[in-house]
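Step one of this worksheet: look at the structure below.
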Amino acid sequence: MAEEIIRTEHVWKEYMMGDVLFQALKDISISINLGELVSIIGPSGSGKSTLMHIIGLLDQPTRGKIFISGNDIASFTDDKISSLRSEFVGFVFQQFNLINKLTILENILLPTVYVRKKLEYNPVEKALYLMKRFGIDGKEKSYPNKISGGQQQRVAIARALIMSPKLILADEPTGNLDSKSGTEILKLLKELNQEEKITVVIVTHDPLIAKQTKRIIEIKDGQIDK
Amino acid sequence: MDLFRNKMRTFLTSLGILIGVSSVVLLLSFGLGLKEYIRQQFDSLGTNLVFVIPGQIFGNSGSGFSGMRSVVQFDEKDFISLKKLRDAIYVIPIFTKSIKVEGNAKVDYATLNSTTDEIFPARNLELEYGRLFDKPEVDKKTRVIVIGPKVIEKMFDNPVLALNKSLRIEGQTFKIIGILKAKGGGGFGGPDFDKFIYMPLKTGYTLNPDKKIANFLIKAPDNKPFDLFKEEVKMQMIKRYDEDEITVADSAQFISTISSIFGILNMVLVAIGAVSLLVGGIGIMNIMYVSVTERIREIGIRRALGARESDILYLFLSESVLLSLFGGAMGLTLSFLVVLIVQKFFPAYIDLMSSIIALGTSSLIGIFFGVFPARKAARLSPIDAIRYE
Ligand SMILES: Nc1ncnc2c1ncn2[C@@H]1O[C@H](COP(=O)(O)OP(=O)(O)OP(=O)(O)O)[C@@H](O)[C@H]1O
Ligand SMILES: [Mg+2]
């Protein structure tokens with residue numbers, strides 16, 4: 001039996017827009033297993049990013065439960081959730097979300113700044129290794145706005161991997177890239193899933209990308225479509 | 001750190017603290033300098049002196065009327081009694097009076113001191129021209145005077161010309177045998193020692209028919225604890241007077257009384273300086289709020305990568321403390337430079353305490369005014385922050 005890494009149970013997300021209640025997620029119950037490569041697909045505004053943020057513990061549902069490796073996060077403190085964000089999950093965003101005033105190397109190392117436990121490896125060595133592996137070595141001292149979008153997204157992936165997380169959440173990782181860079185980034189994410197058994201969830205609105213994953217979760221108007 | 005990237009903004013923001021810290025530190029240093037100045041003034045008038053004065057001048061009872069009670073009057077009996085103090089180096093009676101003087105057909109006003117020849121060594125009075133009067137002259141009631149340089153300033157173009165001339169004091173003639181070196185004083189409302197006329201005690205009785213003695217100056221020995229000697233003087237005096245009819249004091253008491261008066265003034269000025277620190281603090285708070293708003297996205301990214309609320313709090317708090325401390329350090333440096341220049345004219349100085357106060361308050365201001373923006377940053381929801389455009 002496959003080991004479950006994350007599960008949502010009847011998750012709702014609602015926003016008050018003035019007097020009107022807007023339901024961004026409606027009764028979402030999904031389960032993702034360790035080592036899976038999953039895509040979440042749906043049209044714009046369907047709630048993909050909202051769901052990803054909730055899975056990644058960046059946001060809280062209005063109602064419903066989230067389980068991380070079988071544990072209900074309702075009982076977790078904010079500090080515990082913060083350390084899960086640094087150790088358990090790695091985010092890759094459409095807008096890269098690098099910090100422009102930090103160097104590439106500092107950006108990649110940023111999650112290690114917030115870890116309270118002792119790391120078993122040298123983070124700088126690991127960062128340099130990842131940069132080399134992703135073909136961005138030599139850019140350590142550069143700044144994010146001095147490199148191309150494809151390179152920035154590689155930096156973001158290296159940053160997501162620096163803490164060796166079990167789960168990578170990528171929200172439209174190719175959305176801001178040309179098709180060539182996009183293909184390469186996608187290839188990289190698939191490699192990480194296959195070679196390192198990292199669970200990868202890719203959010204996209206592009207069926208061609210979704211088709212490359214073994215499992216597709218379709219979402220429409222905040223609901224699971226099938 | 002953002003502070004180094006935004007140099008102009010950092011500098012302008014810390015300017016308020018710079019001004020506040022330097023005004024507080026400078027005022028403190030002037031206060032210290034004033035105390036030092038007064039101490040130097042007293043020291044130049046002789047050390048190890050005990051003053052015996054009628055009445056209660058340090059009013060410990062707090063009744064402001066002590067000066068209005070009929071005050072005791074010292075006379076020769078007290079002089080004889082005090083001379084029995086075997087350890088005393090000098091026991092000097094002094095009668096003082098404001099007088100009109102005439103010389104070279106011109107008129108001026110001065111302060112008469114009828115006393116003994118021991119006044120000169122006890123008060124470190126040095127001669128410029130002529131000679132001092134001696135003990136035989138004191139005993140023989142010789143009609144001679146030794147004067148401060150300013151007494152005859154208006155009468156003679158050159159003080160040397162006044163030597164061995166006579167001076168009319170309240171209609172009587174006395175011969176000027178010596179002119180003293182300038183001593184200064186007269187600042188801060190104190191007496192001008194250069195306008196003093198010294199005359200043998202008994203010679204002065206012609207101007208003092210009641211043979212009164214205003215006060216005694218007693219030089220304490222070096223080989224005995226000063227306070228013990230002071231107590232002996234007091235014991236000797238209370239044989240004749242009640243304890244609260246007289247004051248036996250030393251210069252330290254005068255200094256602390258004077259400096260406590262200036263101390264109050266100084267505190268008021270320091271409080272005004274503190275207001276600019278407050279304004280500086282508000283400036284820091286303002287710029288920190290701006291900084292938080294500018295960096296909301298960054299806060300969101302950091303939270304997404306595992307930063308706790310407390311990590312964000314410290315990120316901003318350390319920046320505001322550094323900003324304030326930077327202003328404080330610059331203010332302190334500026335104060336040191338100003339004091340260095342001022343020291344050429346006035347013994348102002350910055351002590352360790354002022355430096356600690358300066359840097360301590362600027363850190364506290366950084367914490368106090370930084371904590372509100374930092375808390376705002378820390379409490380942002382991670383998702384709202386990362387979605388912020
Ligand atoms: N803080 C918020 N307040 C109000 N509405 C919100 C908020 N965040 C998201 N929404 C709404 O929730 C819905 C889902 O948003 P979400 O970003 O999850 O969509 P998405 O599927 O990722 O779309 P896209 O493909 O354009 O990124 C949208 O209609 C959006 O306007
Ligand atoms: Mg989205």
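How much length is gained if the chain between B:Gln40 and B:Phe4 is pulled fully straight, taking 0.36 nm per residue apart and subtracting their Cα-Cα distance, in nm to one decimal?
Working it through step by step, the gained length comes to 8.3 nm.
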key: Per-residue average of Cβ from other chains inside 10 Å of A:107-120   = 2
task = Kindly list the residues of the stretch A:55-76 that lie in the label zone of A:Lys197, defined by a backbone N under 17 Å from the point 7 Å along the Cα-to-C-beta vector.
result = A:69
key: Amide H within-cut-off set for A:Thr62, under 5 Å, with H built and near neighbours excluded   = A:Trp12, A:Lys13, A:Glu14
query = Among B:Thr293, A:Thr204, which comes first, then next, by fewest other beta-carbon atoms within 10 Å?
reply = B:Thr293, A:Thr204
inquiry  = Explain nothing, just the number: relative contact order of chain B, from Cα pairs under 8 Å at least 6 residues apart, as a whole percent.
reply    = 29 percent
ask   = Once the Cβ-Cβ distance between A:Glu120 and B:Asp192 is put in as r, and R0 is 60 Å, what FRET efficiency do you end up with, to the nearest 0.05?
value = 0.15
message = Just want to confirm a number: the relative contact order over the stretch B:73-240, from Cα pairs under 8 angstrom separated by 6+ residues, in percent.
response = 34 percent
key: ³J(HN,Hα) computed for each position of the stretch B:137-147 - Karplus, 6.51 cos²θ - 1.76 cosθ + 1.60, integer Hz, glycine/proline x   = 5, 5, 5, 8, 6, 4, 8, 10, 9, 10, 10
remark   = Placing each pseudo-label 7 Å from Cα in the direction of the beta carbon, A:Ser69 and B:Leu127 end up separated by a distance in nanometres of 10.1 nm
request  = Over the whole of B:295-305, what's the average partner chain Cβ count within 10 Å per residue? Rounded to a whole number, please.
outcome  = 6
request  = Please give the length that would be gained between A:Thr62 and A:His205 if that part of the chain were fully extended, namely 0.36 nm times their separation in residues minus their C-alpha to C-alpha distance (nm, one decimal).
outcome  = 49.0 nm
When each of A:Lys13/A:Lys65; A:Lys139/A:Lys187; B:Lys97/B:Lys202; B:Lys97/B:Lys234; A:Lys26/A:Lys65 is checked by Cα-Cα distance, pairs over 20 Å = A:Lys139/A:Lys187; B:Lys97/B:Lys234
query = What is the mean number of Cβ atoms from other protein chains located within 10 Å of the Cβ atom of each residue in peptide B:306-313, rounded to a whole number?
reply = 6
task = Starting at the first residue of the stretch A:28-40, write each ³J(HN,Hα) from the Karplus equation 6.51 cos²θ - 1.76 cosθ + 1.60 with θ = phi - 60°, in whole Hz, x for Gly and Pro.
result = 8, 10, 9, 9, 10, 9, 4, x, 6, 10, 10, 10, 10
request  = State the percent of C-alpha pairs, over all pairs in the stretch A:72-226, separated by a distance greater than 22 angstrom.
outcome  = 43 percent
message = As a test of understanding, state the convex hull volume per residue of the stretch B:247-329 from its alpha carbons, in Å³.
response = 127 Å³
remark   = Final fewest-first order of A:Tyr129, A:Tyr15, B:Tyr129 on the 10 Å Cβ neighbour count is A:Tyr15, A:Tyr129, B:Tyr129
task = Once you have the Kirkwood Rh of the stretch B:73-240 from its Cα pairs, apply Stokes-Einstein at 37 °C and 0.692 mPa s and quote D in µm²/s.
result = 197 µm²/s
inquiry  = For a quick check: with amide H placed at 1.01 Å from N, whose amide H comes under 5 Å from A:Ile40's, ignoring anything fewer than 5 positions away on the same chain?
reply    = A:Ile202, A:Val203, A:Thr204, A:Ile217
task = Note the angle between two axes, namely the Cα long axis of helix B:7-44 and the longest principal axis of the Cα atoms of chain B, as a number of degrees from 0 to 90, rounded to the nearest 10.
result = 20 degrees
request  = Would you give the gap between the C-alpha center of the stretch B:329-362 and the C-alpha center of the stretch B:14-39, rounded to a whole Å?
outcome  = 6 Å
ask   = FRET efficiency for B:Ala271 and B:Asp384, Cβ-Cβ distance as r, R0 = 41 Å, nearest 0.05?
value = 0.45
task = Based on alpha-carbon positions alone, could you give the equivalent ellipsoid semi-axes of the stretch A:1-49 from the gyration tensor, as √(5λ), descending, whole Å?
result = 27, 13, 6
request  = Per residue, how big is the convex hull around the C-alpha atoms of chain B? Give it to me in cubic angstrom, could you?
outcome  = 194 Å³
query = Taking chain A as a Gaussian network, where each spring joins two C-alpha atoms under 10 Å apart, which residue of A:Leu177, A:Leu119, A:Leu102 fluctuates the most?
reply = A:Leu119
request  = On a 0 to 90° scale, report how tilted helix A:123-133 is relative to the longest principal axis of chain A, with both axes built from alpha carbons and the result rounded to the nearest 10.
outcome  = 90 degrees
Distance in nm between pseudo-label sites at B:Asn104 and A:Lys220 (7 Å out along the Cβ direction from Cα) = 11.9 nm
Packing-based order for B:252-264, B:150-162, using average beta carbon neighbours within 10 Å, highest first = B:150-162, B:252-264
task = Within the stretch A:97-131, which residues have the backbone N less than 14 Å from the label spot 7 Å out from A:Ile147 along Cα→beta-carbon, could you tell me?
result = A:97-110, A:127-131
remark   = From DSSP H assignment alone, runs of 4+ in chain B each adding -39500 (n - 2.57), the sum over residues rounded to the nearest 500 puts [θ] at 222 nm at -16500 deg cm²/dmol
key: Centroid-to-centroid separation of the stretch B:256-295 and the stretch B:130-156 [C-alpha atoms, Å]   = 55 Å
key: Whole-number percent relative contact order across chain A, with pairs defined as alpha carbons under 8 Å at least 6 apart   = 31 percent
inquiry  = For a protection proxy built on the mean count of beta-carbon atoms within 10 angstrom, sort B:336-344, A:107-115 highest first, please.
reply    = A:107-115, B:336-344
note = In degrees rounded to 10, the 0-90 angle between helix B:352-379 Cα long axis and the longest Cα principal axis of chain B is 20 degrees
task = Normalise the Debye intensity by I(0) for the protein assembly as shown, one equal point scatterer per Cα, no solvent, then take log10 at q = 0.08, 0.11 Å⁻¹ and round to two decimals.
result = -0.71, -1.06
query = Sequence-distant or interchain residues sharing an amide H contact under 5 Å with B:Glu128, placed H: which?
reply = B:Ile179, B:Leu180, B:Lys181
ask   = Across the stretch A:176-182, in residue order, what do the Karplus-derived ³J(HN,Hα) couplings come to in whole Hz, using 6.51 cos²θ - 1.76 cosθ + 1.60 with θ = phi - 60° and x for Gly and Pro?
value = 9, 10, 5, 5, 5, 5, x
task = Between B:Leu337 and B:Gln253, take the C-beta separation as r, use R0 = 35 Å, and let me know the FRET efficiency to the nearest 0.05.
result = 0.45
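Bear in mind that the values in this text are calculations on the coordinates, not laboratory data. Note that the structure is predicted; figures quoted are calculated from it, not measured. Neighbour counts are summed over all protein chains in view; Cβ atoms, including those assigned to glycine, are modelled from backbone coordinates with ideal geometry.
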